[in-house]
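K.L.:
Here's a structure for you.
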Amino acid sequence: MDSSCSCSRKRFVGGLAAVAAALGIPRAARAAAGGSYATRELWLERADSGAQLVAPFCLDGKTLYLPGYYKLCEMLRDAHVSWKRGAKYIDVRLIQALWEVQLYFWRDGIHAPLVIHSGYRSPETNAATEGAARNSLHMWGMAADFHIPGVSIEDLWQASAACPLSGGVGYYPEGWVHLDVGARRYWAD
């Protein structure tokens with residue numbers, strides 16, 4: 001797969017603005033929220049259990065809403081180990097990036113959860129994960145592997161790569177995309 005992306009950052013940001021306009025958010029509210037939604041909710045589903053969660057992580061466009069953030073962290077935890085070993089505060093930039101990717105597809109009428117294959121990974125889980133980097137950003141709460149029902153992996157990869165907050169974006173034809181908030185890089189498995 002080519003690492004160039006036909007989905008530009010300008011198009012991505014334009015898509016976010018179009019979604020806001022299409023949903024009838026008043027111009028003053030969009031301006032107060034930096035041109036995006038004031039309330040930011042993320043819809044997640046765990047691939048391993050099917051559990052779903054819709055939780056707000058920001059109510060005013062600029063401040064972290066802790067009750068919703070904690071619920072999202074719980075949803076992105078490592079369920080392969082005990083609660084104490086599997087719970088981790090997830091990097092807020094990752095949550096914001098996942099929300100921006102999800103919002104991008106709302107523009108096309110795709111209202112579906114991000115199905116999380118892997119969020120935070122404990123060192124034990126990471127060591128047992130085939131092909132995982134030794135110092136994976138999953139172990140720092142800075143990465144997620146996911147797909148969106150009804151969205152091709154190619155389209156999801158391109159939208160993730162165009163997201164201004166994305167760092168590493170990996171394409172896995174088995175059915176998911178890796179998104180992290182580390183250094184900028186792209187790859188295909």
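K.L.:
Once you order the gyration tensor axes a ≥ b ≥ c over the Cα atoms, which shape class does the stretch 39-189 get: rounded for a/c under 1.5, otherwise prolate or oblate by comparing a/b with b/c?
P.N.:
Values: a/c = 1.44, a/b = 1.07, b/c = 1.34.
The shape class here is rounded.
K.L.:
I want the antiparallel fraction of DSSP beta bridges within the stretch 50-189, as a percent rounded to 5. Numbers along the way, then the final one.
P.N.:
Numbers: 12 of 16 bridges.
Antiparallel bridges: around 75 percent, rounded to the nearest 5.
K.L.:
If you find the alpha carbon centre of the stretch 140-188 and of the stretch 67-91, how far apart are they in angstrom?
P.N.:
20 Å
K.L.:
Okay, next question. Report the local net charge at Val169: Lys and Arg +1, Asp and Glu -1, summed over other residues whose C-beta lies under 9 Å from its C-beta.
P.N.:
Working: positive: Arg184, Arg185; negative: Asp180.
Net charge around Val169: +1.
K.L.:
Something else: How far apart, in nanometres, would the label points at Ile110 and Tyr70 be if each is projected 7 angstrom from Cα along the Cα-to-Cβ direction?
P.N.:
3.3 nm
K.L.:
Rounded if a/c is under 1.5, else prolate if a/b is larger than b/c, else oblate: which is the stretch 85-174, with a ≥ b ≥ c the root eigenvalues of its Cα gyration tensor? Could the numbers behind the result be given before it?
P.N.:
Working: a/c = 2.01, a/b = 1.67, b/c = 1.21.
Because a/c hits 1.5 or more and a/b exceeds b/c, the stretch 85-174 counts as prolate.
K.L.:
Turning to a different aspect of this structure: In whole Hz, with x marking every Gly and Pro, tabulate ³J(HN,Hα) for the stretch 155-170 from phi via Karplus 6.51 cos²θ - 1.76 cosθ + 1.60, θ = phi - 60°.
P.N.:
Along the stretch 155-170, the couplings run 5, 5, 4, 5, 5, 5, 5, 7, 5, x, 8, 5, x, x, 10, x Hz.
K.L.:
How large is ³J(HN,Hα), in whole Hz, for each residue of the stretch 180-189 in order, when computed from phi with the Karplus curve 6.51 cos²θ - 1.76 cosθ + 1.60 and θ = phi - 60°, using x for Gly and Pro?
P.N.:
After applying 6.51 cos²θ - 1.76 cosθ + 1.60, I find 9, 10, x, 5, 5, 6, 9, 7, 10, 8 Hz.
K.L.:
With all distinct Cα pairs included, what does the Kirkwood hydrodynamic radius of the stretch 148-188 come out to in Å, to one decimal, could you say? Provide the component values of the computation, followed by the final result.
P.N.:
On the way: mean 1/r = 0.0998 Å⁻¹.
It works out to 10.0 Å.
K.L.:
Please turn the phi angles of the stretch 70-75 into ³J(HN,Hα) values with the Karplus equation 6.51 cos²θ - 1.76 cosθ + 1.60 (θ = phi - 60°), one per residue in order, whole Hz, x for glycine and proline.
P.N.:
Along the stretch 70-75, the couplings run 4, 5, 5, 4, 4, 5 Hz.
Read-outs throughout are calculated quantities, based only on the coordinates presented, and are distinct from any laboratory measurement. Nothing here was measured: the structure is a model prediction, and the numbers come from that model. Reconstructed Cβ throughout: ideal geometry from the backbone, glycine too, with neighbour counts over all protein chains shown.
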